[in-house]
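Every read-out reported here was derived from the displayed coordinates using simple, explicitly stated rules and does not represent laboratory data. All values reported here derive from a predicted model rather than from experimental measurement. Every residue, glycine among them, receives a Cβ derived from its backbone with ideal geometry; neighbour counts consider all protein chains shown.
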Amino acid sequence: MQEYFGPPLAANNPFELSQDVRANENDVFGRNSAEELCTWTWCNPEEHLFSSIGLNYLFFESVGPGSSGRTSEPIHYTPDLELKPKIREIGEGLRARLSTGTSIETISSSIELIFADSNVYQLVTAYFDNWHCHNPMLHRPSFKPSSTFAPLLSAVMLVGAIYSTDEHARAARNCFDAAEEYVFTHESFRELYDPHSGSGVQPLQAAYIICILRQWDSHRGSRRRVRLQLYPSIVSAARSLGLTKLRHMASKKSDHAPSYDDWKEFIKTEEKIRLMAWIFLVDTSHAIFYGTPPRLTVSEMTGCLPCDDQLFMAHGPESFHDLSTLATSSKLCSVSRGVSLFFAQEWTRGSIAEFGQLNYLDFFLLVHALHQIIFSNKATYSLRFTKSAIECALERWEDLWNTLITDKVEMDSYKVGFFKYANDYWWLAKLLVRTESPHFEPKKMGEDFDHDSTAEVNSLLKRFASIALS
């Protein structure tokens, strides 16, 4: 079984290891963890899920204060006078959410340190240079801080601060509670529940990023609040906006570049599609690692898959047109359709052709969808009836991976985020199908599935890692 636990390639820009991992320099395969492994930071010792077996890319906890990607020198820029009112709005919004207590002065000082107009471009740049490759959902070429929804700009700056200096990282952590209140109690976020409000997607983008920040928090209470309170509101807002079924409008092939308005409309739609993809991924990861029943279903994920990153990052209609003319291959229409093909009775050339040219993110989405099905079947004690079908679906996923990814040379693969390790999640899915998952062991009447720690999955993986070595 050792093949099940072969480590993935180390990332080119590894995150700094936490002290707990530094204390245990050699994993069960004898590799030097401090040199070769990306792992989580801000986690309790028992939560270092994959540090010893290679599965160390749980995306929403894969970085935190202490990142090696930090910038040590401030970035100089020409002051933008339009930013002053935006930064003032953020500062006032955060301070208004401060509760009375002994730490209010410290938090207020942290807000002043982070949210200064002289920091905006440095922290926004740090966000895109370090975190965007792992979570490419904002359109960098058109992201203008002065016209960005204030809560979204505050969330982006906080992520950027995590990658900045030690002082900025500590100050950012002090702001987490106020930022959470600011984003989730903002009137624009509450309006998302009304499908007729006409609200844009930026309030939901801000809420999603704040949930990622809270996952990086060392407090289990914060993580629990994300899973059980904040994230359900995000899923509800996404449904209200129709993101689960959102598709690009069909366009005719043309020798001419689209108009500026058409290109902007494409980018706006694509940002929503990508946000929905990441909402689905985090929702499913809560099920995989914490035993939290997923809020979304595979069957409702009928919207488009994200387009290729090169198209998404085009700087204008002309470059977008040039790139789109090269993208002649088809692409799977949705996650739901892909899963239905995996479970179809027949697996033909036509079935394979329907998937088109999948990329790493597409595979990551599809394997998470299979994880959700595994979770649901175990939760209802029906896996014994569906096990063979699920194993067949996993084999078909592997066939596509080996054909489209493993044997494909990608010159810019270093730009791909942690989701290029989708095959690690496939190994985990295989393991969960073949064994009794700790989340579904007999429980006392009324006991919840949800757990505050990933220790149970960690224990399962290490148990089978030891079997592989024996």
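See the values below:
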read-out	value
Per-pair calculated FRET efficiency, R0 = 22 Å: residue 381 and residue 434 via Cβ, rounded to 0.05	0.85
Cα gyration tensor, the range 282-395 - rounded (a/c under 1.5), prolate or oblate	oblate
Residue 349 versus residue 104: modelled label distance in nm, points set 7 Å from Cα along the beta carbon direction	7.3
Backbone HN-Hα couplings from phi across the range 162-167 [Karplus 6.51/-1.76/1.60, Hz, Gly and Pro as x]	4, 8, 8, 6, 4, 5
Residues 249, 276, 313, sorted so that the one with the fewest Cβ neighbours within 10 Å comes first	249, 313, 276
Residue order, fewest to most beta carbons within 10 Å, for 248, 132, 196	196, 248, 132
Exceeding the 31 Å Cα-Cα cut-off - candidates 245/462; 268/420; 84/268	245/462
Cut-off 14 Å between beta-carbons: net charge of the residues surrounding residue 337, Lys and Arg +1, Asp and Glu -1	+1
Contour minus Cα-Cα distance for residue 333 and residue 193 (0.36 nm per residue)	47.7 nm
Gain upon complete extension [residue 116, residue 166; 0.36 nm per residue less C-alpha separation]	16.3 nm
Theoretical FRET efficiency, 1/(1+(r/R0)^6), r = Cβ-Cβ of residue 299 and residue 89, R0 56 Å, to 0.05	0.85
Charge tally in the Cβ shell below 11 Å around residue 263, where Lys, Arg are +1 and Asp, Glu are -1, residue 263 excluded	-3
Burial order of peptide ranges 215-226, 150-161 (average beta-carbon count within 10 Å, highest first)	150-161, 215-226
